[in-house]
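Accompanying notes for the structure given below.
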Amino acid sequence: MRILKFILSSFLLISVSMLTISCGDDSPMVPVEEVDENVRANDKIEGEWRVTSLRIDGTEYIGWLFQKVTMEFDPDKDAASGETTWEYIDDDGSVSIEDFTYVIKNDGEDIVLEGSSFDLKVTSSSLEMEGNLDGYYYEIRAE
């Protein structure tokens, strides 16, 4: 009987020790939130951007037709869409302003402005857009 008690006590002690050791290093379960790349790109695009290059069908328009072009993006909260205002200062100093709505698609790689799709590359300090609009190919670089 003593041997049986010893075996059961030993078994119980070993089981409790293993349970304590195996559970001690487990990290708590933290819910993982999925990141929508379109919303992430929209967060990056927010703010005012100074256009450094505006090429239409290969012809550069900054410094020739336009003195300055700025784009300001105002994203909708927690969405992949928003509004943008573009301001053009012509070579004679006159100012033109255009407003668009936009949607970011394809994991943050495309931006659709008023129905026209552009390839989009955006970092914290640079913005690039390329695509066709009204039969012309646009290449836009901004900081």
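A single member of S81, S94 is more than 19 Å from E130 (Cβ to Cβ), under 20 Å from the mean Cα position of the chain (by Cα) and at pLDDT 95 or above, and it is S81.
A Cβ distance below 7 Å, combined with a sequence gap of six or more or placement on separate chains, defines the contacts here; from the range 122-143, residues that are closer than 10 Å to D57 by Cβ reach residues that are modelled with pLDDT of 95 or more and among the acidic types (D, E) in the pairs Y136/D57; Y137/D57; Y138/E130; E139/E130. In the range 43-120, counting only strands (runs of 3 or more DSSP E) that sit wholly within it, the ones holding 3 or more residues that are in contact (Cβ under 8 Å) with a residue 60 or more places away in the chain and either among the hydrophobic types (A, V, I, L, M, F, W, C) or loosely packed, with under 14 Cβ neighbours inside 10 Å (or both) span 47-56.
The values are calculated or read from the model by the stated rules, or taken from the named source; none is laboratory data. This structure is a prediction, so every number in the text was calculated from the model and none was measured. Cβ: placed from backbone, ideal geometry, glycine included. Neighbour counts: every protein chain shown.
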